[in-house]
1. Using a/c under 1.5 as the rounded threshold, could you call the range 37-88 rounded, prolate or oblate? The axes a ≥ b ≥ c are square roots of the C-alpha gyration tensor eigenvalues, and prolate needs a/b larger than b/c, oblate otherwise.
2. If packing is taken as the average number of other Cβ atoms within 10 Å across a peptide's residues, how do 124-131, 223-230 rank, most packed first?
3. Among DSSP bridges having both ends in the range 7-233, what percentage is antiparallel? Round to the nearest 5.
4. For an R0 of 30 angstrom, estimate the FRET efficiency from the Cβ-Cβ distance between residue 94 and residue 221 and round to the nearest 0.05.
5. At 27 angstrom or more along the helix axis (alpha-carbon based) and mean Kyte-Doolittle of 0.0 or higher, what helices does the chain contain? Whole DSSP H runs only.
6. Compute a Gaussian network model of the chain, connecting alpha carbons closer than 10 Å, and tell me which residue from 46, 132, 67 fluctuates the most.
7. Among 160, 47, 30, which one moves the most in a GNM of the chain with springs linking Cα atoms closer than 10 Å?
8. Could you give the length gained on full extension between residue 4 and residue 120, defined as 0.36 nm per residue of separation minus the Cα-Cα distance, in nm?
Amino acid sequence: MWGDKRVSVVLMTYAERHSIRQVIEGFFATGFVDEVVVVNNNAEPGTSEEVAKTPAREVFEQKQGYGHASRRGLHEANGDLIVLAEPDGTFLPSDIQKLLVFSEECDTVFGTRTTRELIWHGANMEWFLRWGNWAVAKGVEVLFNTSHLSDVGCTYRLLTREVAELVAEKMEIGGNHAGPEMMLIAITNGARFVEIPVNYLPRVGTSSATGSPLAAVVIGLRMIAMIMRFRARTPRPIVRPERLSHSTRWPGGGAE
């Protein structure tokens, strides 16, 4: 619990059998997490057995891709505050407290992995990934006239239930470039948001998405193309929140 709000953590898994149990236990150990929902996205053999050793609840999504798994997780989570994260050991469960603190003032809290002092030795955040994410984020700032952004690819983020329901309803991207779409749906529908630095650690195992520079570049280009399409179909002016309210739905806008 965070105050009077239930907290759910959603973990999408494909190739994290060797790290997922420790990550789940780490989130429960914070004392803030009421449930962990694991979305098994055609995960490698042995993953379900590891999840079964924890109090987490496992659900299955057959459509392959980060976007499909994220949408399923947002639908399945029961909390008032829903945190998305990776079960690959790259994020610290204890950093959830940072997101929860800012949830008292914002509807969405985005993590950023671009703060050099919080990038651990050996983490997969070489200069081209760090500056690439930064450059695309700055493009989003310009195109959508947003507050500060520095990392469109960080998958550690918090959404209120209202935002989660809105994002799950409007998401169209099923692949690994779905993260920025979720971000833009929230932003263009008037959600108050803030970006905060989180620790970024070496991954356990090899990523199927950014395990090679070429794969990272391909995903980056898909993100840019999606952002440009989103901008082209987003009504002007973009909705801006007049006051903070977790009980009032924002006006429409953004993706259709």
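All of the numbers you see were taken from the coordinates with simple rules; none came from a lab. As the structure is a computational prediction, the values presented were derived from the model and not from experiment. Every residue, glycine among them, receives a Cβ derived from its backbone with ideal geometry; neighbour counts consider all protein chains shown.
1. Values: a/c = 1.90, a/b = 1.17, b/c = 1.62.
Since a/c reaches 1.5 but b/c is at least a/b, the shape of the range 37-88 is classed as oblate.
2. Those peptides, ordered most packed to least, come out 223-230, 124-131.
3. Numbers: 7 of 28 bridges.
Roughly 25 percent of the DSSP beta bridges within the range 7-233 come out antiparallel.
4. Details: r = 34 Å, r/R0 = 1.13.
So the FRET efficiency works out to roughly 0.30.
5. Working: long enough: 213-233 (30 Å, 1.20).
TM-like helix candidates: 213-233.
6. Fluctuation is largest for 46.
7. In the Gaussian network model the winner is 30.
8. Working: separation 116, 0.36 × 116 = 41.76 nm, distance 3.39 nm.
Computed gain between residue 4 and residue 120 is 38.4 nm.
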